[in-house]
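A.B. asks: Below you'll find the structure I mean.
The values are calculated or read from the model by the stated rules, or taken from the named source; none is laboratory data. Every value quoted in this text rests on a predicted model; they were computed, and no experiment measured them. Here Cβ is always computed from backbone atoms with ideal geometry, including for glycine, and neighbour counts include all displayed protein chains.
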Amino acid sequence: MTDRDETYDKVARLIAPFNKKGAALTEKTSFAGDLEWDSLVVMDFVANVEDEFDILITMNMQAEIETIGQLVDAIETLRTEG
């Protein structure tokens, strides 16, 4: 299992309590469209991700991240920069 796979698995576990619709999770699952999250859910979720990975996701980055795969890529980038 690669580091990216481990990151994906952690992200999927963090999504689970917020996945009220029971949407299937893939790299292409979108937070707004598939999971139907509003801004408050996104803020709570991002705080959990930041705590889990010890990173800071800026508002600009959040605006560009639409899918699980994009989030995993962003986490991997932030972890290697930090």
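A.B. asks: From the list Phe45, Phe18, Phe53, which residue is in contact (Cβ under 8 Å) with a residue 40 or more places away in the chain and not polar (S, T, N, Q)?
C.D. replies: Step by step, each of Phe45, Phe18, Phe53 is checked, and only Phe53 is in contact (Cβ under 8 Å) with a residue 40 or more places away in the chain and not polar (S, T, N, Q).
A.B. asks: Among the numbered criteria (1) of a type outside the set (S, T, N, Q); (2) in a loop (DSSP other than H, G, I, E, B); (3) surrounded by 14 or more Cβ atoms within 10 Å (Cβ to Cβ), which one does Glu52 miss?
C.D. replies: (2)
A.B. asks: Against the condition surrounded by 17 or more Cβ atoms within 10 Å (Cβ to Cβ) and among the charged types (D, E, K, R), how does Asp73 come out, does it pass?
C.D. replies: Answer is no for this residue.
A.B. asks: Let me ask something additional. So Pro17 fits all but one of (1) modelled with pLDDT of 95 or more; (2) surrounded by 11 or more Cβ atoms within 10 Å (Cβ to Cβ); what number is the exception?
C.D. replies: The failed condition is (2).
A.B. asks: Among the residues of segment 1-14 satisfying the criterion of being of a type in the set (A, V, I, L, M) and closer than 14 Å to Glu50 by Cβ, which is surrounded by the most Cβ atoms within 10 Å (Cβ to Cβ)?
C.D. replies: The qualifying residue surrounded by the most Cβ atoms within 10 Å (Cβ to Cβ) is Val11.
A.B. asks: Quick check, is Glu76 touching a strand residue (DSSP E or B) at 6+ places or on another chain (Cβ under 8 Å) and either in a helix (DSSP H, G or I) or among the acidic types (Asp, Glu) (or both)?
C.D. replies: no
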